[in-house]
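Some notes on the structure that comes next.
The values are calculated or read from the model by the stated rules, or taken from the named source; none is laboratory data. Predicted model, so just to flag it, every value in this text is computed and none were measured. Please note: Cβ atoms are built from the backbone with ideal geometry, for glycine as well, and neighbour counts cover all protein chains shown. Just the protein is used for accessible areas: all its heavy atoms, side chains included, with ligands, DNA and RNA removed. Shrake-Rupley method; radii C 1.70, N 1.55, O 1.52, S 1.80 Å.
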Amino acid sequence: MKYAVIGTGGMGTQYGVLLQEFAGKDVDFIDTWRPNVEKIREQGGVYCSQDEKDRHLVPINVYYPEEYHGNPDVWIVFVKQMQLDGVLKRCAHLFNDCQYVFSAMNGYGHFEKLAEYFPKDHIIGGTALIGAVVYGPGDVNFTGGAHAKAMNMCCYDETQTVVSPAEQQIFDDFKAATLNPTIVDNFLGMCMAKIVFNSVLNTLCTMFLIRFGEFEGSDVAKRMTEELVDEAYSAAEHAGITLLGTRESEVKTILHTAGEAHPLHFPSMYQDLTKGRPTEVDYINGYIARIGREHGYVCKLHEFVTDELHLAERAFAIHHPDVIAAEEASLK
């Protein structure tokens with residue numbers, strides 16, 4: 001398998017670099033963020049560190065969509081939900097029906113967009129308890145070592161009742177890359193469980209500008225986690241969605257990940273907020289609230305948290321106009 005990663009941010013870089021370094025795979029990188037592409041080319045690769053240690057330069061091949069002419073077997077897609085439409089349109093000329101695509105982006109909505117370009121049985125969805133922080137263009141920190149990484153994967157086409165040879169090969173490559181994959185058979189339940197996970201740690205840590213471990217160490221962490229998880233599971237039940245795991249196991253996973261597996265991690269939502277970018281809260285807490293309302297259940301907590309995060313975005317913009325101006329300038 002030859003791979004190409006669309007989105008050379010924290011997660012895209014980590015997947016691609018680990019596939020290169022540990023699985024020995026041929027990987028190309030495609031990105032649309034000009035400062036990132038130009039910095040990687042200038043320094044001859046991307047600087048990677050693990051838990052803020054061992055920072056070193058990893059040579060990678062990075063391209064803008066319009067200049068790439070490769071034909072990978074598998075695309076790996078990690079971009080923000082709000083940017084996905086535009087990025088896929090720029091890459092559309094590169095796609096064909098023989099290729100597979102994998103994505104473990106946060107939130108929900110991306111698989112329907114990928115299905116506009118790929119057959120459903122060639123789309124492999126995923127969820128990842130794998131952390132990464134972008135310090136700046138061409139500079140990424142991976143959080144949690146090989147022992148702390150965990151991910152699930154499942155074919156988007158729910159009529160597929162057996163694992164295809166291609167999915168098995170992707171699984172084998174991810175395993176060799178120390179990503180610790182597991183193949184599951186409940187696509188929507190898999191995705192929803194990760195949304196519930198993110199609806200606690202990503203949103204609350206972003207709102208209060210703290211790391212996972214700093215949240216878990218607070219006296220209110222367990223109670224807040226239990227209340228948000230309970231409401232999310234109730235919304236899923238009203239929608240007829242059976243999640244992977246139970247309320248109790250989800251709470252346990254969240255608190256273990258925050259306190260033991262990734263205590264130093266700042267969520268990607270935090271990284272977006274503090275760089276003056278829109279967050280994905282509408283695709284996470286907002287998504288939970290939306291499916292609840294659509295099925296006669298009002299998620300008062302998730303609706304409130306969604307509004308609070310948008311208020312945090314506004315407050316950050318008020319207090320840090322220089323950051324907002326720098327972000328706007330970088331997009332020109």
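Here the condition is being within 18 Å of the chain's Cα centre (by Cα) and under 30 Å from Val58 (Cβ atoms); of Leu179, Leu188, it holds for Leu179 alone. The set of residues in segment 311-332 that are under 17 Å from Ser268 (Cβ atoms) and out of contact with any Phe, Trp or Tyr (no Cβ under 8 Å at 6 or more places or on another chain) comprises Ala312, Glu313, Phe316, Glu327.
When segment 205-227 is filtered for residues that are under 20 Å from Ser249 (Cβ atoms), surrounded by fewer than 22 Cβ atoms within 10 Å (Cβ to Cβ) and of a type in the set (A, V, I, L, M, F, W, C), the ones remaining, listed by number, are Ala221, Met224.
Pairs linking a residue in segment 126-141 that is under 30 Å from Met190 (Cα atoms) to a residue that is among the small types (Gly, Ala, Ser) and part of a strand (DSSP E or B), with Cβ atoms under 7 Å and 6 or more positions apart or on different chains, are Gly126/Ser103; Leu129/Ala150; Val140/Ala132; Asn141/Ser49; Asn141/Ala132.
Let's see how each residue does on (1) over 17 Å from Ile130 (Cα atoms); (2) touching a Gly at 6+ places or on another chain (Cβ under 7 Å):
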residue: Gly7; (1), (2): no, no
residue: Gly16; (1), (2): no, no
residue: Ala23; (1), (2): yes, no
residue: Phe29; (1), (2): yes, yes
residue: Gly44; (1), (2): yes, no
residue: Ser49; (1), (2): no, no
residue: Asp54; (1), (2): yes, no
residue: Val58; (1), (2): yes, yes
residue: Glu66; (1), (2): yes, no
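Filtering segment 228-244 to residues that are outside any helix (DSSP H, G or I) and either open to solvent by 50 Å² or more (accessible area, probe 1.4 Å) or among the β-branched types (Val, Ile, Thr) (or both) leaves Gly240, Ile241, Thr242, Leu244.
Please verify whether Gly12 is within 30 Å of Val196 (Cα to Cα) and either surrounded by 20 or more Cβ atoms within 10 Å (Cβ to Cβ) or at pLDDT below 95 (or both), treating the condition exactly as stated. So Gly12 passes the test.
For segment 140-154, the criterion of being among the basic types (Lys, Arg) and open to solvent by 60 Å² or more (accessible area, probe 1.4 Å) is met by no residue. The single condition among (1) within 25 Å of the chain's Cα centre (by Cα); (2) under 15 Å from Thr274 (Cβ atoms) that Ile318 does not satisfy is (1). Annotation note: Cβ proximity below 6 Å between a residue of segment 223-234 that is under 17 Å from Cys191 (Cα atoms) and a residue that is acidic (Asp, Glu) and part of a helix (DSSP H, G or I) (sequence gap 6+ or interchain) occurs for Val229/Glu250. Residues of segment 213-227 that are within 17 Å of Val305 (Cα to Cα) and part of a loop (DSSP other than H, G, I, E, B): Val220 alone.
Just one of (1) β-branched (Val, Ile, Thr); (2) more than 20 Å from the chain's Cα centre (by Cα); (3) open to solvent by 10 Å² or more (accessible area, probe 1.4 Å) fails for Val58. It is (3).
One line per residue, one yes/no per condition, for (1) open to solvent by 10 Å² or more (accessible area, probe 1.4 Å); (2) over 19 Å from the mean Cα position of the chain (by Cα):
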site	(1), (2)
Asp31	yes, no
Glu38	yes, yes
Gly44	yes, yes
Val77	no, no
Asp97	yes, yes
Met105	yes, no
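Determine whether Glu214 is in contact with a Ser or Thr (Cβ under 9 Å, 6 or more places away or on another chain) and of a type in the set (Asp, Glu). No; evaluated as a whole, the condition is false for this residue.
Contact map, segment 85-113: residues that are in contact (Cβ under 8 Å) with a residue 40 or more places away in the chain and assigned to a loop (DSSP other than H, G, I, E, B) paired with residues that are open to solvent by less than 40 Å² (accessible area, probe 1.4 Å) and of a type in the set (Gly, Ala, Ser), Cβ distance under 7 Å, separation 6+ or inter-chain. Pairs shown: Ala104/Gly126; Ala104/Ala128; Asn106/Ser268.
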